Structures are given as C-alpha cells and as structure tokens.
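J.: My questions will all concern the structure given below.
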Amino acid sequence: MTIENFLNQFYTDLILVKRDSEQTAVTYKISAEEFLNWLSTEKIKLKDVSVQNLFYYFIKRQTDGASELTIAKDISGIRALGDFLVRKKMWEENHALLLEKPKASRHLPKVLTVEQIEALLDSIDVKTLSGKRDDALFELIYSCGLRISEACTLLIANVHLEERFILVHGKGDKERIVPFGQRAYEKIVIYIDEVRPKLTRGRNVPELFVNYKGKAISRKGVWKRFKELEKMSGISAKVHTLRHSFATHLLSGGADLRSVQELLGHSDLSTTTIYTHVTDNQLESAHGKYFK
C-alpha cells in the first residue's frame, strides 16, 4: 500500500469513525504524512516504530525550527494516527500517548468593541442585493457567534424565524441551538423575502446564504466580502473576530461561562475561559483610562 492510500484511509477514518471536523482531519493527515515520510527516509517500518523513534522525530522537528504550537498540533496528529494503528492492529499500543505536548503560549483573541462592530456593519451598502445579503450574513455571524463554516452550511430549514433561533451544525457534526435578536431577525427577513429568491432564480438551494450565481456561498466568498468591509470601514479584523467579539461581549454583559460555552459549541469549558482573560484585560484598560 502506498503512503497516499494509507493517508486517505486515515483521513476517512477521522471523518467517518472519529467524527472529527474536516479541518482537524486535514491537519492530522498533514502531520501523519510528514511523519511517514521521515520514517521512509530513516528506513523505519511503521509497524516497528518505538517510543524512542517518536522522541527522536520530535526532537528533530524542534531543531528544524518547528514552533511549540506546530509541535503540539503534530503530537495530536500522531496520537490520532496511533489510535488508528491500534484499531488496525498494526500497533499493540499507542506509543504516541507517552509524548507530552509543549505548553504553547496562548495569545488572547482580538476583539472589537460594540462601536467597531456597528461601524463595520454600517459600512455595508444595503441598496444592493449582495449588500442586503452581507448585512444579514455578518449580523448573524456576530449575533450568534458562528464560525465561518457554520454560516456557509446553515440550512434555511434550520432558521426558525418565529421562535428566533437557528440550529447550527458545528465541529464534529455536533448540533446546538442559538437564539438571535430583533435586529438579526429583521435583516434575515429582508434577505429571505427580497434578495434570496432573485439570487436562486427559483432553484431549490438548501443553504441559507447564496452567492450571485445562486449557489451556496463559500468560505472564500465570505472572506472576500469581509475584506471589502475592512477597507470601507477602516477597521482591521477577521471574520472569526466577530465570533470572539460575540463571546466577549456576552461575558462582559454578565452572561455565565457555561451558557457562553453552549452558545459557541465548545466541547471543553477551558476553551471558553480564554474570553474571561479578554474581559479582564478590557476592565483593566478601562480602569486605567478613566481612573488615572
């Protein structure tokens, strides 16, 4: 079996059996490919890999200049590979579990103020069809804390206007219910009633947001539209910054951590706690500004 065929089996297993997200599966596949190529260079058979081989490999990765974050991701990928090999009975045990991931320094996510969010959204030209769509799209991403992939794959059947909530399919195909407010409601109604039928031209498209061709909008398409908003508003950010801002604004407004975790779709509460550090920083900054 070629390395390519083996990697494709590994990738398929991650998606279908482990139910990992596509992004995670791709990342793990890349880590596995680099490791398998190294084994080939060193003339080490996969079934004969020892703990010492793994240690040597990651020491080499470090000396070659790989960052702590990259090494941590690679170790996660090789652990997933080890689990796959054990289930395939190619390894008796997962040697990669003995590897300790480096504690990479965690950078606080960038967050926009409410005023910056409003300025960003206000820069959209809502006189055009694409502008009205973008107005609904980015409002919903912010007001529901959506990942860009979640917004692109959101089905119109999962938008419950009367009840004011959406059913989101997140990472690992996990579902969560996220409510939205009056402003998002009004923008979505305008988009669905006035814009979407003209873009789809009567075609049955299950996704809520579509491009000018009437097809489901892509991640690249959303990213491109957001870059245009950056230029028009003069505010530097990323689409994912809207999600970070959503979480931080909720916590700043008094929402409890567990509720924010559920709204974001985080499987681990520790992932959500990073936003508490952001709000702490904001409070310190505000205190320093007004109480010198």
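The values are calculated or read from the model by the stated rules, or taken from the named source; none is laboratory data. Computed from a predicted model, the values in this text were never measured in an experiment. Cβ sites come from the backbone with ideal geometry, for glycine too, and all protein chains shown count toward neighbours.
J.: So which residues in segment 215-227 are surrounded by fewer than 15 Cβ atoms within 10 Å (Cβ to Cβ) and either assigned to a helix (DSSP H, G or I) or among the aliphatic types (A, V, I, L, M) (or both)?
T.: Those that are surrounded by fewer than 15 Cβ atoms within 10 Å (Cβ to Cβ) and either assigned to a helix (DSSP H, G or I) or among the aliphatic types (A, V, I, L, M) (or both): R219, K220, W223, K224, K227.
J.: Restricting segment 34-75 to residues that are of a type in the set (G, A, S) and farther than 24 Å from M1 by Cβ, which is nearest to the chain's Cα centre (by Cα)?
T.: Restricting to residues being of a type in the set (G, A, S) and farther than 24 Å from M1 by Cβ, the top hit is A72.
J.: OK, next. Exactly one condition in (1) surrounded by fewer than 17 Cβ atoms within 10 Å (Cβ to Cβ); (2) closer than 30 Å to L108 by Cα; (3) not hydrophobic (A, V, I, L, M, F, W, C) is not met by R203; state its number.
T.: (2)
J.: Further question: Among the numbered criteria (1) more than 21 Å from the chain's Cα centre (by Cα); (2) touching a residue at least 60 places away in the same chain (Cβ under 8 Å); (3) in the same structural domain as S236 (by TED's automatic domain parsing); (4) surrounded by 14 or more Cβ atoms within 10 Å (Cβ to Cβ), which single criterion is violated by L81?
T.: For L81, the failing item is (3).
J.: Take segment 231-259 and flag every residue that is assigned to a helix (DSSP H, G or I), within 16 Å of the chain's Cα centre (by Cα) and not small (G, A, S).
T.: V239, H240, T241, L242, R243, H244, F246
J.: Next question. Can you tell me which residue within segment 186-209, out of those that are of a type in the set (D, E, K, R) and outside any loop (DSSP other than H, G, I, E, B), is farthest from G131 (Cα to Cα)?
T.: E207
J.: Y212 passes all but one of (1) in a helix (DSSP H, G or I); (2) touching a Ser or Thr at 6+ places or on another chain (Cβ under 7 Å); which number fails?
T.: In the conditions (1) in a helix (DSSP H, G or I); (2) touching a Ser or Thr at 6+ places or on another chain (Cβ under 7 Å), Y212 misses (1) alone.
J.: Among residues belonging to segment 4-60 that are without any contact (Cβ under 8 Å) to a residue 12 or more places away in the chain and not in a helix (DSSP H, G or I), point out the one that is surrounded by the fewest Cβ atoms within 10 Å (Cβ to Cβ).
T.: K43
J.: Sticking with this structure for a sec: Scan H240, H266, H244 and give me the residue that is under 15 Å from E150 (Cβ atoms) and either free of Cβ contacts under 8 Å to residues at least 12 places away in the same chain or among the hydroxyl-bearing types (S, T, Y) (or both).
T.: Just a single option satisfies the conditions, and that option is H266.
J.: Further, regarding this structure: Is it fair to say E175 is among the charged types (D, E, K, R), in contact with a His (Cβ under 9 Å, 6 or more places away or on another chain) and not assigned by TED's automatic domain parsing to the domain that holds A25?
T.: Answer is yes for this residue.
J.: Output yes when any residue across segment 172-185 is farther than 23 Å from P109 by Cβ and assigned to a loop (DSSP other than H, G, I, E, B), and no when none is.
T.: No.
J.: Are there any pairs, at least 6 apart or on different chains, whose C-beta atoms fall under 8 Å, with the first in segment 127-138 and at pLDDT 95 or above and the second among the small types (G, A, S) and in a helix (DSSP H, G or I), and if so, which?
T.: These pairs meet every condition: A136/A184; L137/A151.
J.: Could we say that D193 is exposed (fewer than 12 other Cβ atoms within 10 Å of the Cβ) and either farther than 21 Å from L121 by Cα or not assigned by TED's automatic domain parsing to the domain that holds G265 (or both) here?
T.: For D193, the condition - exposed (fewer than 12 other Cβ atoms within 10 Å of the Cβ) and either farther than 21 Å from L121 by Cα or not assigned by TED's automatic domain parsing to the domain that holds G265 (or both) - is not met.
J.: Which residue, of L155, L167, L161, L129, is out of contact with any helix residue (DSSP H, G or I) (no Cβ under 8 Å at 6 or more places or on another chain) and surrounded by fewer than 21 Cβ atoms within 10 Å (Cβ to Cβ)?
T.: Matching residue, one of L155, L167, L161, L129: L155.
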